[in-house]
Amino acid sequence: MAAWPRPIVTDSGGFQAYSIIREGRQHGRIGNHEIAWRAEDSDRTFRLTPEKSVQLQLRYGADIVICLDQCTHPDDPEEVQEQSVRRTVAWAARGKKEFERIVGGGRRGGERPQLFAVIQGGVSRELRRRCAEELLTIGFDGFGYGGWPVDSEGKLLQEMFAYTRELVPAEFPLHALGVGHPANIVEGVRLGYDLFDSSMPSRDARHGRLYAWRQPPTPPSLSIAGADLVYVYVFDAKHAKASDPIMPGCDCYTCASYSLGYLHLLAARKDSLYMRLSTIHNLRFMVTLMQHIRDSDHDGG
Ligand SMILES: [Zn+2]
């Protein structure tokens, strides 16, 4: 547990296990009953079942719990996608049973955490439809778009995202799992998605890629595209003497207190303070991005 007073969304652990196993069969396997994998530096085998995933997430104090699913890559063959849909639906049913056993099925709305199921099916419309229909029949509070979300060039799989939104009635929230690039988030909102999660902003920060606007967007005439975003590469030698903050006008602690030149120095010296300061800025950038999106919605944009 953490002393975080705001809502918490957890993940099932399925994507993380998939990422480890995808590197090589010796790392583990995905079966009908469970996912089993070995940690890199130990002989211990970890086992994750749909039931255990729900138990752990509830123990972390999650407000939105995500059912265990079998993640796939859009390039995986049809039979892998089909198996993923079959297991994802079966595991969602088991997850819901466990969720109701612990939380109680009777309570509604804000009184209890929410349970989301993940729609798999790769880039097959037929499989996405089948998965969505079967999950809707079982019944969940919301849904997620499952599977690798972007193509080899980092572009959102727009057509499949749009189709999956069509499959889920508008009253259910839809989570774009693993979508984090600012331009993809803007596109996701346009396609009707409500929730996003990604390690990209904090990872980019640690690796020296900082976010800034070319021109700060001014609602209500908001239309954000990738072109409106510029990356500030902190390791670039040209920033060594920069006396401006990362993004002039940014209201984050880092920009209010430190120049880009100083951050360049910290980064070059591998000072751990750099990690914190850069993460504060990129996360603040994401928060203001979402604020701009909400403001533009309020103005009917
Ligand atoms: Zn800032």
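When you check THR45 against the structure, is it in contact with a strand residue (DSSP E or B) (Cβ under 8 Å, 6 or more places away or on another chain), exposed (fewer than 15 other Cβ atoms within 10 Å of the Cβ) and among the β-branched types (Val, Ile, Thr), yes or no? Judged against the criteria, THR45 is a match.
From the list GLU134, GLU153, the lone residue that is free of Cβ contacts under 8 Å to residues at least 40 places away in the same chain and either more than 17 Å from the chain's Cα centre (by Cα) or within 18 Å of GLN291 (Cα to Cα) (or both) is GLU153. Scanning the stretch 242-297 for residues that are within 9 Å of the ligand (Cβ to nearest atom), exposed (fewer than 14 other Cβ atoms within 10 Å of the Cβ) and of a type in the set (A, V, I, L, M, F, W, C) yields one hit, ALA256. Among residues of the stretch 52-70 that are in contact (Cβ under 8 Å) with a residue 60 or more places away in the chain, those with a beta-carbon under 7 Å from a residue that is of a type in the set (A, V, I, L, M) and assigned to a loop (DSSP other than H, G, I, E, B) at least six positions away or on a different chain give the pairs GLY61/MET1; GLY61/ILE8.
Listed here are the residues, each with its yes/no results for (1) surrounded by 19 or more Cβ atoms within 10 Å (Cβ to Cβ); (2) within 19 Å of the chain's Cα centre (by Cα).
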{"position": "GLU78", "(1), (2)": "no, no"}
{"position": "GLU98", "(1), (2)": "yes, no"}
{"position": "VAL103", "(1), (2)": "no, no"}
{"position": "GLY121", "(1), (2)": "yes, yes"}
{"position": "SER124", "(1), (2)": "no, no"}
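Please determine whether any residue of the stretch 137-152 is small (Gly, Ala, Ser), out of contact with any Pro (no Cβ under 9 Å at 6 or more places or on another chain), surrounded by fewer than 17 Cβ atoms within 10 Å (Cβ to Cβ) and modelled with pLDDT of 95 or more. Within the stretch 137-152, one or more residues are small (Gly, Ala, Ser), out of contact with any Pro (no Cβ under 9 Å at 6 or more places or on another chain), surrounded by fewer than 17 Cβ atoms within 10 Å (Cβ to Cβ) and modelled with pLDDT of 95 or more.
I'd like the residue in the stretch 223-241 that is at pLDDT below 95 and not in a helix (DSSP H, G or I) and, out of all such residues, is farthest from the ligand (Cβ to nearest atom). Selected residue: SER223. Looking only at residues of the stretch 251-289 that are of a type outside the set (A, V, I, L, M, F, W, C) and outside any helix (DSSP H, G or I), we find that the one that is nearest to ALA183 (Cα to Cα) is ASP251.
The values are calculated or read from the model by the stated rules, or taken from the named source; none is laboratory data. Since the model is a prediction, treat every value here as computed from it, not as a measurement. Don't worry about glycine lacking a Cβ; one is built from the backbone with ideal geometry, like all the others, and counts go over all protein chains shown.
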